[in-house]
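A quick write-up on the structure given underneath.
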């Protein structure tokens, strides 16, 4: 039976786009107060180097997202296939069906781009950029078919599939359908909780060339990745008052805290529990180097997942766990600060890195900074922030996809074929928004979208390099590497660590 969902009133788009004027206040006092706030903000933004800000918020980042997204508008129906990873040569996306676990990340990136425009007045160096209403339409176009995923009960990945876009749709627009999907997805996820194990089941089955688990009545598989799906349970509990969802999330986090974390503060990828007793039967990897190694993305899922859980609960044990995982992660970073795919795998010039692990970890480190900066641990907080910035600096220096596409207004094209007589040029339509590149070596088209433009912002990701995996992927673009790259930028904006006024416009 579906839960009863009460949806608060919808917020008009105009309210989020237009700031109300000051009422009954002294203009002089307002101006002085604003100048004080600006000085405080500027002092914070000095923490983020200018060159790094330019990379995080470059126009090419937005142009690459837009270039992929707007192609779907040519279809007679909204998308049913969603980007996952790219080929190695031209960085063009390989797509998956809408019920695949990564389907929510690309729309999530679009919503993060929309949030930048609506909340932070993101500038475009060329002076051209999508109108917020265009972005809003693209966001809706890319998510209209994803709401149905909220009722799926055969996966633990509902947080990944729904939260990245639906939480923003709610916070920016008070989208009632997004609200309903978030609540439904939380209840679908909660249906996978087993009180005997005190955990949410992750995979029902699991296959590699080395092992096979295909009987859910005997196996209860839980992966460290699942920590990131707890966010949707906490969110729904807060917004509906259903405390059982919160209790399930906390129980799962405590179980992973107990059984996924090794004494040396590394993480197991998979724990298989005995269903009847709730005791662990075995611990192993599905994507790392070996069963006892530390898979980098698994470690980063743990850092961010426990920090998100701490944010909802303020339980200091989750903060402590996140710090221990983060300290180990940091201790294993190479000279360029971009992690290898597994911290125990052979490391040489050709060893795969994982930019997705890097970006997930950066988001967790920034949350550590946020949690500690106003405490007696402020020095440690600054170190976590500095490390996050070093990691992302290494990523943007070495693993951003080639080319710098930009938005352009094609004045030779117009939506109005014939203008009225004596209409001034200022009153004519400005032209068509296109994506072009000034220095392309791969033949960018000059109309509508850029052909052969890399689809992803980053490369250097590794989905799975496990020796016995059914298929191995490394050194490619990956949709959730880009999502967490975008999320990190918005987190820095939200915390006042970056000011759009400091960016070149």
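We did not get these values from a lab; they are worked out from the coordinates using the rules stated. These numbers were taken from a predicted model, which means no experiment stands behind them. No Cβ is skipped: glycine too gets one built from the backbone with ideal geometry, and neighbour counts run over all protein chains shown.
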The extension gain from residue 397 to residue 50, computed as 0.36 nm times the residue separation minus the Cα-Cα distance, is 123.5 nm
Given a Förster distance of 51 Å, the FRET efficiency implied by the Cβ-Cβ spacing of residue 95 and residue 423, rounded to the nearest 0.05, works out to 0.70
At the level of C-alpha centres, the distance separating region 269-294 and region 310-377, in angstrom, is 22 Å
Protection proxy (average C-beta count within 10 Å per residue), highest first, orders 397-405, 495-503 as 397-405, 495-503
Rounded to one decimal in nm, the spacing of the 7 Å Cα→Cβ label points at residue 247 and residue 205 is 3.4 nm
Between residue 87 and residue 502, the two model label points (7 Å from Cα along the beta-carbon direction) sit apart by a distance in nm of 4.1 nm
Rounded to 0.05, the calculated FRET efficiency for the beta carbons of residue 154 and residue 411 at R₀ = 45 Å is 0.30
Classified through the alpha carbon gyration tensor (a ≥ b ≥ c as square roots of its eigenvalues; rounded if a/c is under 1.5, else prolate when a/b is larger than b/c, else oblate), region 225-347 comes out oblate
Per-residue Cβ contact counts at 10 Å, fewest first, order 171, 199, 109 as 171, 199, 109
Stretched fully, the stretch from residue 76 through residue 317 gains (0.36 nm per residue minus C-alpha distance, one decimal, in nm) 81.7 nm
Working note, region 345-415: Cα radius of gyration (Å, one decimal) and Dmax (Å, whole number) are 18.9, 60
Per the C-alpha gyration tensor (a ≥ b ≥ c, the square roots of its eigenvalues), region 82-220 is rounded if a/c is under 1.5, else prolate if a/b beats b/c, else oblate; here it's oblate
Expected sort for 364-371, 190-197, 81-88 on mean C-beta neighbours within 10 Å, highest first, is 364-371, 81-88, 190-197
If 313, 80 are placed from fewest to most neighbouring beta carbons inside 10 Å, the sequence is 80, 313
By the Cα gyration tensor axes a ≥ b ≥ c (a/c under 1.5 gives rounded; else a/b larger than b/c gives prolate, otherwise oblate), the shape of region 182-284 is prolate
